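First comes the structure, then the notes that go with it.
Read-outs throughout are calculated quantities, based only on the coordinates presented, and are distinct from any laboratory measurement. These figures come from a predicted structure and were not determined experimentally. Ideal geometry is used to build each Cβ from the backbone, glycine not excepted, and the neighbour counts take in all protein chains shown.
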């Protein structure tokens, strides 16, 4: 159970001036304004960084319901935030760490602290996997090992926690002492001491001694006996401290007698306390073996039995990597790995690039920034990079940064160098990259996301114009029909019904909707990368997208036991618990969702799955827009009410419930529950009260050429277009590849030119069509409207015998979107 503390109590833990309007209970500390899920019980820690100031987000967070803020003395409180509580301190980061340290003091469970240059996150996750469900465990989320990540991790400790595993990483002197005061590990573990973050230390030994400060008050230190450098450092600093070691050395507590690769496993023979032990690791590389032995040795020290460990080791799963594979321009594939840049991870990234580019005769290209944290001088570093690229068979190298440019002569493959990302983007064109497998890897401050965006960019002249004022007006119209406390889930799936992704989502975020809904994970990832911080539900989650979803904090719809099981497996790999999910109930549509007969099993499984937490449960109405279906709609609502009530009782906590769509909001206001979904109605389409909605999207093109065509000449493919009179025929660059349905050919469809309708003549082509502008005084360059304010998409849908949804979502992504305010 999450611990709560009154803000007045927290004020006494640190040296703070308290400005308290109401004594709120605080359960969560938040440092990222984009990740507030429980505003009523959270305190926002306003941190200042080189490129941001957390204090700037306080008004927005206040609007989201957050009322408690840890601020520094320079912050001028906003008088309009009348219910805000403040703890005013000299240094928010230091006091944030003090709060976590104080909470750590209340915990009496064993705490494992892990440090080293590499492998911290993997060892931490593997220890957690091996412990499994045997103990109530708390651990660092992902690689939360920094001055901010560590206190966030430690704050997870509760009275129920039986063991904790936290990692600590540093890049300069003085940092580890601060982290040690927060973690206070009872058990210490050193992975290895390599070259990462070496630049701020005078020697490798100095860095080791700094890292070992973490274990000042630990009862034991676990490490590999086969690394004399670490062994000697521990003896020098802590000559009397207990150690627990593994390795081939005879004096190791867990001695490695033999190891060999057998198929896809590493078979290892060990000896511990005179007993022989056989283990099988489900991997074959040396790095994983080292990480695995760190984890196994920790388990032995904790007292787990050989039989338990031998079975648990077989089930170890890899920890997710952060690389992303994308489709690029000109038949290129992109591997985006701009999360970090060091020589060790470069080798791994290149291996992934090679794996993805085995098919076809493609050029393998690396776009790399300067590497800042190698601890190696520029000339030697560049020589190592060159040797690595030759070893991996890289054909083309693009270096970005002053160090790489200064040592351009070292590189022996086809190379180009630029002093900055801007210089690179200013110098290249889309034709600079064709049929290549491209690894994009750079330090964060090089902003290589711009490089990725450039290599994905698409252009097209025909356009879809989106009136953002109208979108907001439609949203507010639906909101006016809801109760004040009813939340809003805005659907932006299918590229926001063809209207665009980030731009629409950004408006909705500004309008303070509560949730966004997308169809597939890649839509949500795109929004996250564009800076959208709202909670996002993925309505059609696929197992292959689970790692990306978790990485980008996307919340899946769970509609079957299969999806539930696969997602939980991925959460275990990532080492996460209480991840928010949304349960889909099928109350009569018979599409996706759990049916009534599965509810008992669902309650049982959810109650035994600590990796997830139900954030909402919902269902879809079959015919909320038609009076003929009202009896069935009311039956669906009744079923939903009962099923969700039973589920809440079984789980022992409440969650958001929602069943209404756009039409349901207008026709069934008594079934609002906790949230309602607004979808196509926002875009101006609704079977109910259509007159109150405004047109949002207009599909437009222009006349590229006008020709005089004699009577009875044929126009277009198949000679289907023929007029009985001399005509002026305008060529418009929009075709079925843009989303103009081919069934609108030969007079079925019309376009608006100079305020008058012009029929389409002949068959619509892939990239263009022809319209009759005889007598309309049209000229080349004039605007043409396919649908919009003058030709409604409803009319077009009726001509095609379909619905507006299909037309909106058929508009190709190559069609440029233009967003405007009137």
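In nm, to one decimal, how far is the residue 264 label point from the residue 809 one, both placed 7 Å along Cα→Cβ? Taking the two extended label points, one gets 3.6 nm. Relative to the longest principal axis of the Cα atoms of the chain, the long axis of helix 561-574 makes an angle of roughly 50 degrees. Counting neighbouring Cβ atoms within 10 Å and putting the fewest first, the residues 644, 714 line up as 714, 644.
Stretched out straight at 0.36 nm per residue, the stretch from residue 173 to residue 284 would grow longer than its current Cα-Cα span by 36.4 nm.
Checking the a/c ratio against 1.5 first, then a/b against b/c, what shape does the Cα gyration tensor give for segment 133-251? Since a/c reaches 1.5 but b/c is at least a/b, the shape of segment 133-251 is classed as oblate. DSSP bridge analysis restricted to the chain gives an antiparallel fraction near 40%, rounded to the nearest 5. At a temperature of 25 °C and a viscosity of 0.890 mPa s, determine how fast segment 562-699 diffuses translationally according to Stokes-Einstein, using the Kirkwood radius over alpha-carbon pairs as Rh; express D in µm²/s, rounded to the nearest whole number. D, rounded to a whole number, is 149 µm²/s. Taking every DSSP beta bridge that has both ends in segment 5-92, the antiparallel portion is near 35%.
Against the chain, whose longest principal axis comes from its Cα atoms, helix 378-392 is set at around 70 degrees. Modelled label positions at residue 435 and residue 645, each set 7 Å beyond Cα in the direction of Cβ, lie 6.7 nm from each other. With 10 Å bins beginning at zero, the pair-distance distribution over Cα atoms of segment 120-200 amounts to 17, 52, 26, 5, 0 %. With neighbours defined as other Cβ atoms within 10 Å of a residue's Cβ, the residues 429, 77, 633 order from fewest to most as 429, 77, 633. So if we plug the beta-carbon distance of residue 160 and residue 605 into 1/(1 + (r/R0)^6) with R0 = 30 Å, what FRET efficiency do we get, rounded to 0.05? Efficiency for this residue pair is about 0.90. Taking other Cβ atoms within 10 Å as a rough exposure proxy, 68, 109, 95 sort from fewest to most as 109, 95, 68. Between residue 631 and residue 694, the modelled labels are 4.1 nm apart [label points 7 Å from Cα along Cα→Cβ]. By the helix-only formula, in which each DSSP H run with n ≥ 4 contributes -39500 (n - 2.57) and the sum is divided by residues, the chain has a 222 nm mean residue ellipticity of -9000 deg cm²/dmol. Across segment 761-783, the residues whose backbone nitrogen lies under 20 Å from the label position 7 Å along the beta-carbon direction of residue 713 are 761-765, 768-781. Compared with the direct C-alpha span, the chain from residue 363 to residue 387 gains 6.8 nm at full extension, assuming 0.36 nm per residue. Is segment 636-763 best put as rounded, prolate or oblate by its Cα gyration tensor, with a ≥ b ≥ c the root eigenvalues, rounded for a/c under 1.5, and otherwise prolate when a/b is larger than b/c, oblate when not? Note, shape of segment 636-763 comes out prolate. Axis angle, to the nearest 10 degrees, between helix 343-356 and the longest C-alpha principal axis of the chain: 40 degrees. Restricting the calculation to Cα atoms, segment 386-468 yields a radius of gyration followed by a Dmax of 15.8, 54 Å. On the basis of the beta-carbon distance and an R0 of 41 Å, residue 428 and residue 766 show a calculated FRET efficiency of 0.90. By its C-alpha gyration tensor, with a ≥ b ≥ c as the square roots of the eigenvalues, how is segment 463-692 shaped: rounded for a/c under 1.5, else prolate for a/b larger than b/c, else oblate? Taking the square roots of the gyration eigenvalues as a ≥ b ≥ c, segment 463-692 is oblate.
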